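Okay, so here's the structure we're looking at.
The values are calculated or read from the model by the stated rules, or taken from the named source; none is laboratory data. Computed from a predicted structure; not experimentally measured. Quick reminder, even Gly has a Cβ in these numbers, built from the backbone with ideal geometry, and neighbours come from all protein chains shown.
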Amino acid sequence: MKEFPVSLRPLILNALRVVAASLLLPTVAAAVGTPAGTSIVNQASGAYTEPASGLSTQVSSNVAVTTVQAVCALSVSPDGTLAQPARSVALLPGEGAVLPYTLVNAGNAPHTFALGARLEPGSTASPGLKVVLDSDQDGQAGAGEPQLSSLTLAADASAALLLVADAVQASGDAYVNLVAACPGGQSAEPDTDQNNVSQLRYGPPPEFRLSKTFTPALIRPGSETGVTISASNTGAGASREVVLSDLLEAQTSAGLSFVPGSAVASAGSLEYTTDGAVWVAAEPSPVRGVRVRVDSLAPGAALRLSFRMLAVAAAENRVIGNTATLLSGGAGLSATASADVRYLPAVAIGPLGNPQAPEGSAEDTQTRPFAAVNQPVCFDHTVKNTGDVQDAFTLSVAAPQASSTLSGAGGAPLAQPLLLEPGQSAEVRVCYQAQAGALGALVTVTGARGTSNTTRDLVAQVAGGLPELTKSAVVSTTGLDGRPEPVPAGGTVAQGDTVEYTLSVRNPYPFPLTSVVLTDAVPAHLDVVSSAPGVRSGAAGQEQVVWTLGTLAPGETRAVKLLTRVSPRAVDGESLSNTFSFSSFEVAGPLLSNEVLTPIWSAKLVVSKAVGTREVTYGDRLTYTLRISNTSLTTDVLNAVVTDTPMPGLDYLGGTSTLDGQPLADPVLSPAAGSATQPAPTATGTAMRWNVPSLKAGTTITITYQLRVTPLASGELDNVVEVSGVGAGKVNRIVASNRASAKVRFNPLKFSPTSDIVGTVFVDRNRNGLYDEGLDTPLPRARVLLAGGRQAITDPRGRYSFLNVPQGTQALRLDPGTSPYEPLHVARDGGLSGTQTVFANGLTSVDFPLAPLGGDVTALRRTTLLLSVPGGEVRVDKSVYSVPGGYLVTLRITSPQALAGAELTDPLPEGALLKDGRNTWAGTFSPGEQTLTYRFTWDGEPRLATTDPLLTWRP
């Protein structure tokens with residue numbers, strides 16, 4: 001050491017102290033952060049000034065060298081004690097904790113520090129603890145971040161550590177501490193940092209309940225359902241953040257779509273998503289998920305999320321499930337509910353106005369006491385769509401003993417299927433035509449969606465027969481004396497004449513008929529004079545009379561009267577057709593009575609007759625001229641029939657008829673019968689009938705024809721002609737001519753005893769032995785031989801003749817070599833011989849009917865009606881033949897007893913027109929046989945040209 005003068009020592013020492021102090025403090029502090037092994041060189045110097053001389057002097061000490069030793073120092077932060085924990089963290093049972101710490105190497109050399117975590121005394125919860133290096137310094141224990149028990153740090157380096165506490169289920173407090181220590185013997189300071197206490201407070205846990213509902217759970221396509229998700233905290237502790245969510249993608253795909261603007265939450269924030277990943281606060285379109293978030297749910301608190309969903313058509317017949325979730329902390333719950341999307345179709349049928357009567361009950365069954373065979377008995381029903389969807393319904397009827405028809409409320413055939421909206425009804429009428437016995441029917445309605453319902457119709461007894469309806473008329477005209485006088489049946493009436501109708505009905509059943517109603521639609525050209533007790537309605541020309549008879553007892557007959565007058569509106573040629581109809585509760589009808597025809601003709605058909613000579617003898621020819629005038633100025637006469645009935649001894653000569661100078665078809669010859677104006681001639685008389693298609697109004701026609709005088713002639717020969725016709729456009733027969741006659745005187749002295757034989761060879765199609773024009777086929781070029789060697793060849797119309805044949809018995813034979821047909825069996829000959837024997841007397845007719853090949857092939861149908869009566873049976877034989885221009889019908893009625901009040905009706909096919917003859921007959925039928933023949937025209941299918949006749953009479 002350098003020595004200083006004594007006088008200077010105090011000053012120098014003071015200076016050194018100052019300098020030393022200034023050097024020492026930095027050196028000691030720097031030694032903590034200075035790396036170990038560093039040499040610190042230090043030399044002191046001092047300066048002073050002589051007071052006396054004012055000179056400055058500087059003195060330096062010796063050089064001191066110091067080497068820095070390794071020092072271990074550490075620091076863990078944050079610090080904490082039991083009294084003042086570094087952190088206090090609130091946890092829930094089941095939650096863990098991650099506490100971040102920082103470890104600093106405060107020494108001057110690298111050190112490896114021991115690390116550990118411990119639970120401090122006073123803890124009531126015991127979580128598992130570990131120390132983890134927070135490599136990425138994110139404050140979370142990542143999967144790749146290691147658990148530590150020691151860590152080496154360079155001097156002044158630091159590391160982020162995590163104290164990880166495992167989850168515990170119990171509540172309580174845990175005091176946790178992260179402890180770090182220097183390696184043993186290297187620390188100048190305390191070598192452990194253990195004042196890093198933190199508090200973990202485990203509170204009571206929350207408990208959640210979660211539910212989800214669809215209201216309603218059963219919905220129809222096109223309707224909405226409400227979705228409600230409810231969560232509640234039933235535990236003792238508050239929860240972490242609660243997220244209540246419902247993803248809707250699957251439901252939308254199945255046909256349930258979110259209703260915009262319908263989401264409502266009881267608390268928190270609503271959020272939406274379109275993809276299930278990104279959630280936003282503003283409602284997007286479309287919404288594929290909805291959720292609500294709350295920070296915490298206190299004990300006893302609830303959270304509700306509701307919204308609505310619409311079921312579209314694609315959702316029909318699907319049960320669509322949906323799951324909502326609740327997330328809070330590490331806990332999660334789910335709740336599932338389903339919406340059943342379908343319609344509930346249903347249908348009901350029952351009596352009218354009561355479709356929902358219990359099926360199978362008495363209330364659901366309609367019963368009638370009786371009905372008539374083959375007459376409609378009708379039941380009204382109501383069909384109702386009791387479901388919630390439009391459906392198509394089909395009705396069927398099971399009625400083993402009857403046929404049935406279905407109609408709507410207006411009577412038109414029921415159009416099926418019935419398309420009904422929910423709650424809509426339709427009226428249906430079922431009408432039966434039942435066989436005798438009882439009727440039981442089950443009416444079933446079936447929906448296209450699979451639902452059905454039934455109701456029953458019952459008729460206790462179905463009886464045969466029908467109510468007997470009879471209508472008759474008494475016609476009166478004003479006589480010359482001004483008093484009423486009757487018009488003969490079938491006669492014509494004129495304007496101002498009266499027609500009194502009698503309407504009669506008889507109940508043939510052993511049951512009463514109730515609600516009986518008779519209705520008469522009065523012909524347009526009749527005016528009602530009186531109808532009591534019937535009720536009249538309608539204007540003149542459109543009047544109708546209705547009689548309400550109430551109940552007809554079994555077997556009871558009741559009649560009413562209707563008096564009318566022919567109005568000025570009537571025209572010539574018109575026929576007043578009148579029927580009445582019947583209906584009752586048991587026989588719905590309407591049934592129609594017989595038709596009463598009253599022809600109107602004010603003008604006359606005037607006929608005159610002239611003959612070319614006044615004296616004749618055997619074999620002479622007489623030429624007759626008929627002039628027929630239609631005096632009506634307005635109405636043609638159609639299908640006029642001119643009938644001439646010569647006395648015996650006058651026979652028609654074929655091919656001699658003319659009409660206005662033109663050839664006219666030969667008349668139809670038939671045995672004469674009496675008429676209203678002319679008594680029947682003798683049994684051998686023959687009536688001649690010509691058909692004239694039209695007699696124009698105000699015109700006259702001329703008909704000529706020839707007759708030959710036969711050996712039957714005697715005295716004065718008289719024949720009478722009359723004309724009948726049909727008013728134009730009508731089918732009602734009228735008789736409207738005067739009678740005309742022409743007489744000649746017979747002089748037998750001018751006669752030579754010879755005769756003429758004429759006849760026809762023909763194929764007898766209906767096997768009646770008579771030649772029927774238009775039906776039978778004449779055979780031309782057939783040879784007929786007369787005994788004695790004479791022969792004749794038939795002309796194209798099958799006719800032959802032998803003139804001037806000696807009077808007496810003659811034999812004729814048909815040459816079989818000239819005919820491919822066999823002779824027809826004729827009862828009076830008793831065989832199939834081709835020979836016929838005849839007594840020739842005057843003009844004698846001998847026909848040769850032949851059997852058709854293969855039988856009667858032209859008959860369309862033969863019908864026979866049989867009914868046993870005392871003494872035998874009543875028989876009606878009907879034959880229908882196809883003939884040129886239409887059809888020929890033959891009706892043969894045979895009875896062993898008289899039939900009083902008999903009525904024969906043979907209906908024409910619908911649309912047919914009667915050409916000649918008649919298809920009805922009324923009167924008293926005498927024992928024996930009677931034949932009716934008529935023709936009609938019809939354009940329908942031939943197999944449908946046949947109908948069934950009806951014969952009735954009073955017992």
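General observations
- Condition check for Glu241: of a type in the set (Asp, Glu) and in contact with an Asp or Glu (Cβ under 9 Å, 6 or more places away or on another chain): yes
- Being modelled with pLDDT of 80 or more, hydrophobic (A, V, I, L, M, F, W, C), closer than 26 Å to Gly917 by Cα and not in a loop (DSSP other than H, G, I, E, B) is a condition met by no residue of the range 839-846.
- Of the residues making up the range 757-796, those that are touching a residue at least 60 places away in the same chain (Cβ under 8 Å), assigned to a loop (DSSP other than H, G, I, E, B) and over 60 Å from the mean Cα position of the chain (by Cα) are Leu779, Ala782.
- As for the range 571-593, it holds no residue that is free of Cβ contacts under 8 Å to residues at least 60 places away in the same chain and either surrounded by fewer than 17 Cβ atoms within 10 Å (Cβ to Cβ) or not basic (Lys, Arg) (or both).
- Within the range 247-265, the set of residues being polar (S, T, N, Q) and touching a Leu at 6+ places or on another chain (Cβ under 6 Å) comprises Ser257 only.
- Residues that are within 28 Å of the chain's Cα centre (by Cα) and among the polar types (S, T, N, Q) were ranked within the range 331-374; the one that is farthest from Lys212 (Cα to Cα) is Asn374.
- Condition check for Leu327: in contact with a strand residue (DSSP E or B) (Cβ under 6 Å, 6 or more places away or on another chain) and either part of a strand (DSSP E or B) or in contact (Cβ under 8 Å) with a residue 24 or more places away in the chain (or both): yes
- Within the range 56-77, if we keep just the residues that are touching a residue at least 40 places away in the same chain (Cβ under 8 Å) and farther than 29 Å from Ala155 by Cα, the residue that is surrounded by the fewest Cβ atoms within 10 Å (Cβ to Cβ) turns out to be Asn62.
- Scoring Pro351 on the criteria (1) exposed (fewer than 14 other Cβ atoms within 10 Å of the Cβ); (2) outside the structural domain of Thr234 (by TED's automatic domain parsing) leaves a single failure, condition (1).
- Residue in the range 314-323 that is of a type in the set (Lys, Arg), more than 18 Å from Val287 (Cβ to Cβ) and in a strand (DSSP E or B) present: yes
- Residue list for the range 152-171, restricted to those being surrounded by fewer than 18 Cβ atoms within 10 Å (Cβ to Cβ) and at pLDDT 90 or above: Thr152, Ala154, Asp156, Ala157, Ser158, Ala160, Asp166
- The residue list Ala143, Ala154 contains one member that is in the same structural domain as Leu82 (by TED's automatic domain parsing), farther than 23 Å from Gly203 by Cα, out of contact with any strand residue (DSSP E or B) (no Cβ under 9 Å at 6 or more places or on another chain) and hydrophobic (A, V, I, L, M, F, W, C), which is Ala143.
Conditions tested, residue by residue: (1) surrounded by 14 or more Cβ atoms within 10 Å (Cβ to Cβ); (2) over 24 Å from Glu224 (Cβ atoms); (3) at pLDDT below 95.
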position: Ala277; (1), (2), (3): no, yes, yes
position: Leu297; (1), (2), (3): yes, yes, yes
position: Leu305; (1), (2), (3): yes, no, no
position: Ser328; (1), (2), (3): yes, yes, yes
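- Screening the candidates Asp815, Asp756 for the property of being surrounded by fewer than 16 Cβ atoms within 10 Å (Cβ to Cβ) and at pLDDT 85 or above yields one hit, Asp815.
- On inspection, Thr625 fails the criterion of being modelled with pLDDT under 85 and outside the structural domain of Tyr934 (by TED's automatic domain parsing).
- Residue that is surrounded by the fewest Cβ atoms within 10 Å (Cβ to Cβ) [pool: residues in the range 628-639 that are modelled with pLDDT under 85 and of a type in the set (A, V, I, L, M)]: Leu633
- Matching residues, the range 631-669, being over 20 Å from Asp916 (Cα atoms) and not in a loop (DSSP other than H, G, I, E, B): Pro646, Leu650, Asp651, Tyr652, Thr658, Gln662, Pro663
- Selection count, the range 690-704, where residues are among the hydroxyl-bearing types (Ser, Thr, Tyr) and at pLDDT below 90: 1
- Check on Val168, within 30 Å of Asp275 (Cα to Cα) and either β-branched (Val, Ile, Thr) or within 60 Å of the chain's Cα centre (by Cα) (or both): no
- Here Leu244 fulfils each of the conditions (1) in contact with a Ser or Thr (Cβ under 7 Å, 6 or more places away or on another chain); (2) crowded, with 20+ Cβ neighbours inside 10 Å; (3) modelled with pLDDT of 95 or more; (4) more than 19 Å from Leu103 (Cα to Cα) apart from (1).
- Residue in the range 432-453 that is over 30 Å from Val566 (Cα atoms), in a strand (DSSP E or B), modelled with pLDDT of 90 or more and touching a Cys at 6+ places or on another chain (Cβ under 9 Å) present: yes
- Search result, residues across the range 76-120 that are β-branched (Val, Ile, Thr) and either in contact with a Ser or Thr (Cβ under 9 Å, 6 or more places away or on another chain) or within 10 Å of Asn196 (Cβ to Cβ) (or both): Val76, Thr81, Val89, Thr102, Val104, Thr112
- Residue, nearest to Leu518 (Cα to Cα), within the range 447-480, restricted to residues that are of a type in the set (Ser, Thr, Tyr) and touching a Pro at 6+ places or on another chain (Cβ under 9 Å): Ser476
- Residues (assigned to a loop (DSSP other than H, G, I, E, B) and either aromatic (Phe, Trp, Tyr) or buried (at least 21 other Cβ atoms within 10 Å of the Cβ) (or both)) located in the range 797-807: Gly798
Residue-wise test of (1) at pLDDT 95 or above; (2) more than 30 Å from Pro100 (Cα to Cα); (3) out of contact with any strand residue (DSSP E or B) (no Cβ under 9 Å at 6 or more places or on another chain); (4) surrounded by fewer than 20 Cβ atoms within 10 Å (Cβ to Cβ).
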residue	(1), (2), (3), (4)
Asp193	no, no, no, no
Pro206	no, no, no, no
Ser211	yes, yes, no, yes
Val227	yes, yes, no, no
Asn233	no, yes, no, no
Ala250	no, yes, no, yes
Ser253	no, yes, yes, yes
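- Residue within the range 78-88 that is surrounded by 14 or more Cβ atoms within 10 Å (Cβ to Cβ), part of a loop (DSSP other than H, G, I, E, B) and touching a helix residue (DSSP H, G or I) at 6+ places or on another chain (Cβ under 9 Å) present: no
- Filtered by the rule that a residue be small (Gly, Ala, Ser) and surrounded by fewer than 19 Cβ atoms within 10 Å (Cβ to Cβ), the range 374-397 gives Ala392, Ser396.
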